[in-house]
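The values are calculated or read from the model by the stated rules, or taken from the named source; none is laboratory data. Everything quoted here is computed from the prediction, not taken from an experiment. We place every Cβ from the backbone using ideal geometry, glycine too, and count neighbours over all the protein chains shown.
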Amino acid sequence: MQKFDVIIIGAGAAGLFCAAQAGQKGLRVLLLDNGKKAGRKILMSGGGRCNFTNLHAQPGAYLSANPHFCKSALARYTQWDFIDLVNRYQIPWHEKTLGQLFCDDSAQQIVDLLLSECATGQVTLRLRSEISAVAKTAGGFELTLNGGQVCAPQLVVACGGLSMPGLGASPFGYRLAEQFGLNVLPTRAALVPFTLHKPLLEQLQTLSGVSLPSRLTAEDGTVFNEALLFTHRGLSGPAILQLSSYWQPGEHISIDLCPQLSLDELIDSERLTQRNLSLKNCLAKALPRRLVEVLQQLEIVPDVSLKQLNSKQQAALTETLHQWRIQPNGTEGYRTAEVTLGGVDTRGLSSKTMEAISVPGLYFIGEVVDVTGWLGGYNFQWAWSSAWACAQAL
Ligand code: FDA
């Protein structure tokens, strides 16, 4: 039986960062992962450039049954702390949009940073580790692995959520929480594209690849102003991914296809100088032409000139284009979701240390916990902050 001070399950963002911090405190750390590589999601993230944090990270950007839970960790290890670390490694980065910070070159640099921090902390990293049993003993926790048995007085669960099973996602962390009597809140895919019902899907499929600025509103009133993308399965783009976290099956979403400009005003002003201009050509000044053509096929845009468009038609048209109500069929699910909503109920955890209140020595960090951020670097920031909070307590 090999003994350690801490065993961490999951060499993703949270597990790697926690292992490094704990190791650098002088603890003997074993970091286990069932995959071939550490930090697989980091490598895939941000289109290969890893959106590693957000300048505007703050508790309001996180969903949880207890919205206060994330406050302490986010305040104690902030986006500025992680930016300092990235700067120490001289990794060039840039703000893409809305406070989202990306590596200039490659997400591999963030994984290398974390592995280097782990090496400084003399962390033992064991990949391809299959854990068949976890038992509580008087001295802590005993784990049965494919390569024998290991034990430690403290166990950190950093197994992530269910999104992207192809990248190693598994329900292991939730099952472990349940094994130790913790509550696990229902999970669902989030930051995920919507699928559409036929016939709307078929009608919009020709728009696949068209993107435009939009303002999306969920039934609970949550609003996001970001790009919308039509796909061959339905709707995607940052605005849709964001809204998906606030959407429940059966609900409608409202889409403003032209948030930057009043289409009423555009039509009125164009009519003053070009009465014979077709409505289609007028709208194409503000919206992608392919979209206007499809909206005409759907009879949302009448096939008339500006002088022929009566005030009732104009009011109905502009209302639809600024508040297009669509009922998604569903989401693409965990296969393409960036994160998982729900998870280990924060009521059973200390917000200061991430330790299970009823099981001293057992900790949960990162995405396995019921804390889910917006799109744009917020989820990695939660991984860093929760990992750091935990490491201070080990
Ligand atoms: P993470 O999923 O990173 O790690 C969990 C680890 O546990 C994995 O290595 C897994 O192999 C391991 N594991 C699971 N079960 C196990 C078991 N039974 N035994 C041993 N090991 C096990 N966020 C963001 O802020 N900016 C971004 O740019 C992106 N981009 C992005 C792209 C894509 C494609 C995805 C899928 C997700 C993102 N995200 C993101 C979200 C972000 O990746 C996610 O929130 C964090 O990786 C969560 O970190 P964790 O360490 O909690 O889990």
Filter the range 232-280 for residues that are closer than 30 Å to Tyr378 by Cα, assigned to a loop (DSSP other than H, G, I, E, B), touching a strand residue (DSSP E or B) at 6+ places or on another chain (Cβ under 7 Å) and of a type in the set (A, V, I, L, M, F, W, C) and give the result.
Trp247, Leu257
Positions within the range 1-51 being more than 12 Å from the ligand (Cβ to nearest atom), in a loop (DSSP other than H, G, I, E, B) and more than 17 Å from Ser116 (Cα to Cα), in sequence order
Met1, Phe4, Asp5
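Looking at Gly221, Gly168, which one is at pLDDT below 95 and over 20 Å from Ile300 (Cβ atoms)? Can you show your working first?
Values: Gly221 fails: at pLDDT below 95.
So the residue among Gly221, Gly168 that is at pLDDT below 95 and over 20 Å from Ile300 (Cβ atoms) is Gly168.
For residues in the range 374-388 being among the small types (Gly, Ala, Ser) and more than 12 Å from Val156 (Cα to Cα), which is farthest from the ligand (Cβ to nearest atom)? First the steps, then the outcome.
As a first pass, look at the range 374-388 and keep what is among the small types (Gly, Ala, Ser): 376-377, 383, 385-387.
Those still in the list that are more than 12 Å from Val156 (Cα to Cα) too: 376-377, 383, 385.
Working: Gly376: 7, Gly377: 4, Ala383: 4, Ser385: 11 Å.
So, considering only residues that are among the small types (Gly, Ala, Ser) and more than 12 Å from Val156 (Cα to Cα), the one farthest from the ligand (Cβ to nearest atom) is Ser385.
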Working carefully through the options Thr340, Thr331, find the one that is in contact with a Lys or Arg (Cβ under 9 Å, 6 or more places away or on another chain), within 12 Å of the ligand (Cβ to nearest atom) and of a type outside the set (Lys, Arg).
Thr340
Exactly one condition in (1) farther than 28 Å from Leu341 by Cα; (2) assigned by TED's automatic domain parsing to the domain that holds Gly373 is not met by Glu130; state its number.
(1)
Tally time: how many residues in the range 179-226 are in contact with a Gly (Cβ under 9 Å, 6 or more places away or on another chain), small (Gly, Ala, Ser) and away from the ligand (no atom under 16 Å from the Cβ)?
3
So Val371, is it within 28 Å of Leu114 (Cβ to Cβ), within 9 Å of the ligand (Cβ to nearest atom), in contact with a strand residue (DSSP E or B) (Cβ under 8 Å, 6 or more places away or on another chain) and of a type in the set (A, V, I, L, M):
no
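Here is a yes/no grid of residues against (1) outside the structural domain of Gly234 (by TED's automatic domain parsing); (2) of a type outside the set (D, E, K, R); (3) assigned to a strand (DSSP E or B):
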| residue | (1), (2), (3) |
| --- | --- |
| Cys282 | no, yes, no |
| Glu293 | no, no, no |
| Leu309 | no, yes, no |
| Arg325 | no, no, yes |
| Gly342 | yes, yes, yes |
| Tyr363 | yes, yes, yes |
| Gly376 | yes, yes, no |
Which of the residues belonging to the range 23-61 are more than 23 Å from Ile9 (Cβ to Cβ) and touching a residue at least 60 places away in the same chain (Cβ under 8 Å)?
Gly46, Asn51, Thr53, Asn54, Ala57, Ala61
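Restricting attention to the range 229-244, which residues are more than 12 Å from Phe194 (Cβ to Cβ) and either buried (at least 20 other Cβ atoms within 10 Å of the Cβ) or under 20 Å from the mean Cα position of the chain (by Cα) (or both)?
First pass over the range 229-244, keeping only residues more than 12 Å from Phe194 (Cβ to Cβ): 232, 238.
Passing the criteria: only Pro238.
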Quick one: would you say Thr97 is hydroxyl-bearing (Ser, Thr, Tyr) and either closer than 15 Å to Val6 by Cβ or within 13 Å of the ligand (Cβ to nearest atom) (or both)?
yes
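What do you reckon, is Ser350 touching a helix residue (DSSP H, G or I) at 6+ places or on another chain (Cβ under 7 Å) and modelled with pLDDT of 95 or more?
Working: touching a helix residue (DSSP H, G or I) at 6+ places or on another chain (Cβ under 7 Å): no; modelled with pLDDT of 95 or more: yes.
Spelling it out, it is not the case that Ser350 is touching a helix residue (DSSP H, G or I) at 6+ places or on another chain (Cβ under 7 Å) and modelled with pLDDT of 95 or more.
Residue-by-condition table, conditions (1) polar (S, T, N, Q); (2) assigned by TED's automatic domain parsing to the domain that holds Ala356; (3) surrounded by fewer than 15 Cβ atoms within 10 Å (Cβ to Cβ):
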{"residue": "Leu16", "(1), (2), (3)": "no, yes, no"}
{"residue": "Val29", "(1), (2), (3)": "no, yes, no"}
{"residue": "Gly48", "(1), (2), (3)": "no, yes, yes"}
{"residue": "Asn51", "(1), (2), (3)": "yes, yes, no"}
{"residue": "Gln58", "(1), (2), (3)": "yes, yes, no"}
{"residue": "Ser64", "(1), (2), (3)": "yes, yes, no"}
{"residue": "Gln90", "(1), (2), (3)": "yes, yes, yes"}
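Of everything in the range 144-165 that's crowded, with 22+ Cβ neighbours inside 10 Å and over 20 Å from Thr353 (Cβ atoms), which residue is nearest to the ligand (Cβ to nearest atom)? Explain how you work it out, then say what you get.
Keep residues of the range 144-165 that are crowded, with 22+ Cβ neighbours inside 10 Å, which gives 152, 154-163.
Imposing the further condition that a residue be over 20 Å from Thr353 (Cβ atoms) reduces the set to 161-163.
On the way: Gly161: 7, Leu162: 10, Ser163: 5 Å.
Within the range 144-165, the match that is nearest to the ligand (Cβ to nearest atom) is Ser163.
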Testing Lys352 on (1) in a loop (DSSP other than H, G, I, E, B); (2) within 16 Å of the ligand (Cβ to nearest atom), one condition comes back false. Which one is that?
(2)
When restricted to Glu219, Glu293, Glu226, Glu251, the only residue of a type in the set (D, E, K, R) and buried (at least 19 other Cβ atoms within 10 Å of the Cβ) is Glu226
Over the range 67-85, the set of residues over 30 Å from Gly342 (Cβ atoms) and either in contact with a Leu (Cβ under 7 Å, 6 or more places away or on another chain) or not in a helix (DSSP H, G or I) (or both) is none
Which numbered condition trips up Val371, out of (1) among the aliphatic types (A, V, I, L, M); (2) assigned by TED's automatic domain parsing to the domain that holds Val134; (3) touching a residue at least 24 places away in the same chain (Cβ under 8 Å); (4) surrounded by fewer than 21 Cβ atoms within 10 Å (Cβ to Cβ)?
(4)
